[in-house]
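Student: The structure that follows is given in the form of structure tokens.
The values are calculated or read from the model by the stated rules, or taken from the named source; none is laboratory data. All values derive from a computational prediction rather than experimental measurement. Glycine gets a Cβ as well: all are built from the backbone with ideal geometry, and neighbour counts include every protein chain shown. In case anyone asks, the SASA skips ligands and DNA or RNA and just uses the protein heavy atoms, side chains included. Shrake-Rupley method; radii C 1.70, N 1.55, O 1.52, S 1.80 Å.
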Amino acid sequence: MEVNRTYTEQHKILVATDCIVFGFDEGVLKLLVFKRRINPFMGEWSLIGSFVDEEESVTEAARRVLLQFTGLENIFLKELRAYSDVDRDPGARCISIGQYALIRINEYDKEQVERHGAKWFAVDELPDMVLDHNRMISDALDRLKETARRKPLGFELLPEKFTIPQLQQLYEAIYQRRLDDRNFRKKLLSFGLLIKLDEKDKTSSKKGAFLYRFDHDKYKNLEESGFNFVL
């Protein structure tokens with residue numbers, strides 16, 4: 001088949017994907033970043049990312065690099081937006097598709113992360129980032145807040161079993177503000193999405209707090225009917 005000259009005569013542009021990887025650890029929302037290994041800006045802090053290969057989609061490229069860095073598959077991953085400023089990357093003309101990921105911080109492969117020189121930082125204590133990665137992080141935080149109002153992100157960021165105070169800490173970390181304890185518990189329980197267990201977490205007190213888990217089937221049904229998870 002003859003190749004259309006309209007394609008062959010065009011300048012080639014690189015496509016990359018950059019992943020804004022969130023985790024939640026002991027009441028703190030964190031971000032996974034690493035020391036960049038190529039010039040320009042080699043050795044400076046960067047989001048985890050990769051150029052997109054010819055035989056893969058942008059999402060496949062993101063999942064490949066996340067598996068490479070964390071050892072995890074089936075990660076919650078959503079496209080954020082395209083970053084296409086002409087001068088965004090002094091190395092070459094490159095368009096990047098930002099994607100944000102949520103992982104359970106107690107499940108990733110710690111040795112694998114360290115082997116790649118990656119490190120977790122609290123979102124309010126991040127080092128300065130290369131290129132336009134600070135902008136990507138800001139956009140991802142805004143999207144995370146928006147998403148948290150529509151679906152229970154505890155599915156993705158908390159262990160399978162958790163306490164209501166732990167879930168409240170997660171939402172306070174995302175919204176960056178305190179929530180009223182009584183109102184949070186009352187509204188949360190009114191959704192009917194939590195299954196109370198007979199177990200308690202006694203790490204913070206002798207009395208302990210009951211553990212819960214999400215009712216995945218009930219959430220799916222509510223989501224399909226246009227349910228909004230607004231706290």
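Student: Kindly check whether there is at least one residue in region 137-152 that is of a type in the set (Ser, Thr, Tyr) and within 23 Å of residue 72 (Cβ to Cβ).
Tutor: Taking every residue of region 137-152 in turn, at least one turns out to be of a type in the set (Ser, Thr, Tyr) and within 23 Å of residue 72 (Cβ to Cβ).
Student: Taking residue 81 and the conditions (1) open to solvent by 30 Å² or more (accessible area, probe 1.4 Å); (2) of a type outside the set (A, V, I, L, M, F, W, C); (3) part of a loop (DSSP other than H, G, I, E, B); (4) in contact (Cβ under 8 Å) with a residue 24 or more places away in the chain, which numbered condition does it fall short on, given that it satisfies the others?
Tutor: (3)
Student: Which condition from (1) touching a Gly at 6+ places or on another chain (Cβ under 8 Å); (2) exposed (fewer than 15 other Cβ atoms within 10 Å of the Cβ); (3) aliphatic (A, V, I, L, M) is the one that residue 42 breaks?
Tutor: Failing condition for residue 42: (1).
Student: If you don't mind, another one. Let me confirm something: among 227, 210, which residue is at pLDDT below 85, over 30 Å from residue 96 (Cα atoms) and not in a helix (DSSP H, G or I)?
Tutor: On the way: 210 fails: at pLDDT below 85.
Result of the check over 227, 210: 227.
Student: Against the condition open to solvent by 30 Å² or more (accessible area, probe 1.4 Å), over 18 Å from the mean Cα position of the chain (by Cα) and among the β-branched types (Val, Ile, Thr), how does residue 195 come out, does it pass?
Tutor: yes
Student: Could you tell me which residue of region 118-135 is most open to solvent (accessible area, probe 1.4 Å), considering only residues that are farther than 18 Å from residue 105 by Cα and in a loop (DSSP other than H, G, I, E, B)?
Tutor: Applying the filter and picking the extreme gives 128.
Student: Tally up the residues in region 136-184 that are outside any helix (DSSP H, G or I) and not β-branched (Val, Ile, Thr), please.
Tutor: Of the residues in that region, 15 qualify.
Student: Let me ask something additional. Going through 153, 126, 194, 144 one at a time, which residue ends up being under 26 Å from residue 221 (Cα atoms), touching a strand residue (DSSP E or B) at 6+ places or on another chain (Cβ under 7 Å) and in contact (Cβ under 8 Å) with a residue 60 or more places away in the chain?
Tutor: When all the criteria are applied, what remains is 144.
Student: All but one of (1) open to solvent by less than 50 Å² (accessible area, probe 1.4 Å); (2) closer than 27 Å to residue 160 by Cα; (3) acidic (Asp, Glu) hold for residue 89; state the number of the condition that does not hold.
Tutor: Only one criterion in (1) open to solvent by less than 50 Å² (accessible area, probe 1.4 Å); (2) closer than 27 Å to residue 160 by Cα; (3) acidic (Asp, Glu) is unmet by residue 89, namely (2).
Student: Against the definition (touching a residue at least 12 places away in the same chain (Cβ under 8 Å), surrounded by fewer than 13 Cβ atoms within 10 Å (Cβ to Cβ), over 15 Å from residue 154 (Cβ atoms) and not aromatic (Phe, Trp, Tyr)), how does residue 217 come out, yes or no?
Tutor: So residue 217 fails the test.
Student: Hey, another quick one. Could you check, for region 99-106, whether at least one of its residues is touching a Gly at 6+ places or on another chain (Cβ under 6 Å) and either at pLDDT below 95 or open to solvent by 50 Å² or more (accessible area, probe 1.4 Å) (or both)?
Tutor: Checking region 99-106: at least one residue is touching a Gly at 6+ places or on another chain (Cβ under 6 Å) and either at pLDDT below 95 or open to solvent by 50 Å² or more (accessible area, probe 1.4 Å) (or both).
Student: May I pose another question? Taking residue 185 and the conditions (1) open to solvent by 80 Å² or more (accessible area, probe 1.4 Å); (2) on the phi > 0 side of the Ramachandran plot, which numbered condition does it fall short on, given that it satisfies the others?
Tutor: (2)
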